[in-house]
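The values are calculated or read from the model by the stated rules, or taken from the named source; none is laboratory data. It should be emphasised that the depicted structure is a prediction, and the values quoted were computed from it without experimental measurement. Cβ coordinates were reconstructed from backbone atoms using ideal geometry, including for glycine residues, and neighbour counts include every protein chain displayed. Quick note on the areas: whole protein, heavy atoms, side chains included, nothing else; ligands and nucleic acids left out. Shrake-Rupley method; radii C 1.70, N 1.55, O 1.52, S 1.80 Å.
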Amino acid sequence: MNLICMYYGYRCYSREDKPLGWLYTFDSNLEYAFINKSFHLCKRWKTEKGAKKHFNYYNNNWQFKSKGGYLKIEIMPEITDNGKEKSSQQRWNEANRDALYQAQENYNQKRPIMSFRPKAELLKWLDEERKTDDNGEPETDASLLNRKLEKLNKLEQQGF
């Protein structure tokens, strides 16, 4: 799946106002450089607010490194995400599979999935009771059964 992603990045400029490329860091953010390709390596943010949050820090370091150059927050060229790059959420999920499994297990215990085969006459009755929404779509099996069980629960609470 190919997605086009828009990011805000730091465009590097020389002291003479010449655009050089896009900021990226390496060696634990201690070294600064610029590139004009492989944009996925650059410092980038999904929102301008995110880019502004760290701007002064990176700009000050770039000014020192470039001997008077400066950074500007700009929209980066489009980055095609072809599925190779993983989001921070995907990386966290992979690193914490046990925690995810336990959370799913806890959820399933609180809200179990019940499976059964209703009798033919009950299926016929349920189909007759099925409602449709505003778009003319029929009610799902789960919605229908939940609605009927809620109605039965109310009736039993009333003493029927």
Here is a check on your reading of the model: is N108 surrounded by 10 or more Cβ atoms within 10 Å (Cβ to Cβ), under 28 Å from Y24 (Cα atoms) and out of contact with any Phe, Trp or Tyr (no Cβ under 6 Å at 6 or more places or on another chain)? no
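Listed here are the residues, each with its yes/no results for (1) open to solvent by less than 90 Å² (accessible area, probe 1.4 Å); (2) part of a helix (DSSP H, G or I); (3) out of contact with any helix residue (DSSP H, G or I) (no Cβ under 6 Å at 6 or more places or on another chain).
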{"position": "G50", "(1), (2), (3)": "yes, yes, yes"}
{"position": "K67", "(1), (2), (3)": "no, no, yes"}
{"position": "I73", "(1), (2), (3)": "yes, no, no"}
{"position": "P77", "(1), (2), (3)": "yes, no, yes"}
{"position": "W92", "(1), (2), (3)": "no, yes, yes"}
Taking segment 15-47 and the residues there that are among the basic types (K, R) and over 26 Å from the mean Cα position of the chain (by Cα), the one that is least open to solvent (accessible area, probe 1.4 Å) would be K18
Given (1) more than 30 Å from K18 (Cα to Cα); (2) part of a helix (DSSP H, G or I), identify the lone condition not met by Q63. (1)
Close pairs from segment 99-118: first at positive phi, partner assigned to a helix (DSSP H, G or I), Cβ under 7 Å, at least 6 apart: none
